[in-house]
Amino acid sequence: MPETTTVAAAPVARLIDEFHKLPGIGPKSAQRLAYHVLRASIDEARALAEAILDVKDRITFCSVCQNITDIDPCSICNSPNRDAGQICVVEEPLDILALERTRVFKGRYHVLHGVLSPLNGVNQEDLKIRELIARLGDGEVKEVIMAINPNAEGDVTTMYLEGLIKPLGIRVTRLARGLPVGADLEFADEVTLTRALENRQTLN
Ligand SMILES: [Zn+2]
């Protein structure tokens, strides 16, 4: 807990604590954000609070691809312009934003919401794997592209899914190794991601 939390007025201390819980926000940043809110107008403060609540009230997960959405199915799953024959599997919703920026991929997505990590207690049933396999049963999907971050846990997850999908007679590919090892898809630039998509390799 930041030191000033104990001397700040209770509501300010509470706000600092809440900001401090956010990813990437240390004690100093939490204080700065709290004092920013303190100085903001009541309208600005209300807009921030409402935006946070709105995201919890209105955003849900697409029942098909598990992406975050305010309509179900989401706009990508709903679109007649997207190729239902290709599904690109990603870890997190933010990865879809990165891939969409390339404008290269015209298929659909599936969000796992994590990768297998037994050491951290993340097992098959914690990911949206059952939902993925359920989408592959109708013969429409011809290729599953594994776009999972290239690190140890990502690779284990890719291999595990490959073992489930290949017996269904569906081609499984993964992004080319143009991505730096250990890189986050989310932060990859468009040129690198486009190249990784275009040069994707069949897993065998
Ligand atoms: Zn969807």
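Brief remarks on what is shown
- Protein heavy-atom accessible surface, 1.4 Å probe, per residue over the chain: 59 Å².
- 20 Å Cα-Cα reach of LYS106 towards aspartates and glutamates, excluding residues that sit fewer than 8 places from it in its own chain: ASP72, ASP83, GLU91, GLU92, ASP95, ASP138, GLU140, GLU143, GLU186, ASP189, GLU190, GLU198
- With every protein chain in place, segment 93-193: carbon and sulfur % of accessible area (1.4 Å): 55
- Annotation: the antiparallel percentage among DSSP beta bridges lying fully within the chain is about 30.
- Computed over protein heavy atoms with a 1.4 Å probe, the carbon and sulfur contribution to the accessible area of segment 1-75 reaches 60%.
- Given a 1.4 Å probe and the protein chains as shown, THR202 ends up with an accessible area of around 70 Å².
- Here the sum of -39500 (n - 2.57) over DSSP H runs of 4 or more residues, divided by the residues of the chain, equals -13000 deg cm²/dmol at 222 nm, to the nearest 500.
- Charged side chains reduced to their Cβ positions (Lys and Arg at +1, Asp and Glu at -1) give segment 67-117 a dipole of some 260 debye around its Cα centre.
- Computed with the Debye formula from one identical point scatterer per Cα of segment 82-173, without solvent, the log10 of I(q)/I(0) at q = 0.19, 0.24 Å⁻¹ comes to -0.87, -1.34.
- The trypsin sites (Lys or Arg not before Pro) found in segment 114-201 that occupy coil by DSSP, while having at most 13 further C-beta atoms within 10 Å, are ARG177.
The values are calculated or read from the model by the stated rules, or taken from the named source; none is laboratory data. Quick caveat: nothing in here was measured; it's all calculated off a predicted structure. Methodologically, a virtual Cβ is constructed for each residue, glycine included, from the backbone with ideal geometry; neighbour enumeration extends over all protein chains shown. Surface areas here come from the heavy atoms of the whole protein model, side chains and all, with no ligands, DNA or RNA. Shrake-Rupley method; radii C 1.70, N 1.55, O 1.52, S 1.80 Å.
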